[in-house]
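What follows is a single structure, written as structure tokens, with notes after it.
The values are calculated or read from the model by the stated rules, or taken from the named source; none is laboratory data. As the structure is a computational prediction, the values presented were derived from the model and not from experiment. Note: ideal-geometry Cβ built from the backbone for every residue, glycine included; neighbour counts use all protein chains shown. Remember, those area values only see protein heavy atoms, side chains included, never the ligands or the DNA or RNA. Shrake-Rupley method; radii C 1.70, N 1.55, O 1.52, S 1.80 Å.
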Amino acid sequence: MLNLPFDPVKRSEEIEMIVTKGLRRKYYRFRAAGYYGGIATADAVGCCFLCAYCWNYFRNLKPQHLGQFFSPQEVAENLLRIIEKKGFRYCRITGCEPILGSNSLAHLIQVINMVLDKDKDLTFIVETNGFILGYYPQFILKLKIPRLTIRFALKGWDEESFEMITGVDKRYFIYPMRGLKKCLELNLDAWPAIMQDIFGDDNLEKLKQRLIGMGINSEIESEELERYPYVLENIKERKIMLKY
């Protein structure tokens with residue numbers, strides 16, 4: 001069992017070594033999903049956080065036991081097959097942190113370019129916790145790709161809530177917001193998102209003020225908690241109170 005809180009830089013390095021081999025990365029499913037009005041989805045494993053409310057918690061806890069390695073071309077082909085069949089205009093990689101370090105970033109960029117080059121009407125959505133982009137801001141320049149949009153899932157409104165939710169040492173709270181700020185400064189299409197059931201209105205306002213203090217004045221997307229039994233158990237164990 002991983003001791004909490006932990007160092008996300010060290011964990012990123014360890015997890016990337018498990019879930020990547022050169023430019024190949026571990027995935028366990030390709031599917032059509034209803035989010036964003038319909039989206040082709042590649043489900044991968046491996047994250048530098050272990051968020052209490054993560055729907056993919058146990059796969060990310062022990063990613064060495066799940067999934068198969070796919071090349072960027074194989075991932076792109078699977079996504080494009082779903083897009084052609086369903087007529088979707090969006091695609092994504094989810095269930096994981098897509099950017100753990102240079103290997104996973106190189107894999108992601110190749111997937112994005114291969115998909116977008118095949119269809120000029122598509123948009124690729126990168127769903128990230130933003131930590132690595134804040135810690136290694138030089139990575140962000142590699143994401144200046146037309147028709148790419150980046151969703152930053154922010155995991156707390158202050159240092160203490162961040163540590164409770166993610167399992168990560170609270171000293172690293174600021175990095176996802178730094179990543180978001182840098183993306184916006186470089187005119188990338190990026191926005192923040194939060195779990196409304198965890199934040200509630202008061203804590204959402206605290207986060208807004210924190211972002212404004214950093215010069216970030218973005219609309220914040222709110223999503224609802226998927227209340228799987230293991231998610232509720234994890235939340236209880238972390239002593240997190242649901243607001244709704």
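Structure summary
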{"item": "Cα-Cα over 27 Å, subset of LYS155/LYS236; LYS170/LYS206; LYS85/LYS155; LYS10/LYS62; LYS21/LYS239", "result": "LYS85/LYS155; LYS21/LYS239"}
{"item": "Whole-number accessible area per residue in Å² for the range 118-244, which is evaluated in the context of all protein chains at 1.4 Å", "result": "50"}
{"item": "Accessible area in square angstrom per residue, the range 1-70, 1.4 angstrom probe", "result": "47"}
{"item": "Calculated Rg and Dmax of the range 48-148 using C-alpha coordinates, Å", "result": "14.1, 39"}
{"item": "Mean projection area, nm², convex hull over Cα of the chain", "result": "12.1"}
{"item": "Sum of -39500 (n - 2.57) over DSSP H runs of 4+, divided by residues of the chain (222 nm, nearest 500)", "result": "-12500 deg cm²/dmol"}
{"item": "Placed amide H near CYS48: partners under 5 Å, 5+ positions off or other chain", "result": "GLU97"}
{"item": "The chain: Cys lacking any partner C-beta under 4.7 angstrom", "result": "CYS47, CYS48, CYS91, CYS96, CYS183"}
{"item": "Accessible surface of the range 1-139 [probe 1.4 Å, protein heavy atoms]: carbon and sulfur percent", "result": "50"}
{"item": "Gain on full stretching of the segment that runs from GLU160 to ASP121 - 0.36 nm per residue minus C-alpha separation", "result": "9.8 nm"}
{"item": "Qualifying aspartates and glutamates (Cα of each under 19 Å from Cα of LYS120; at least 8 residues distant if same chain)", "result": "GLU77, GLU84, ASP189"}
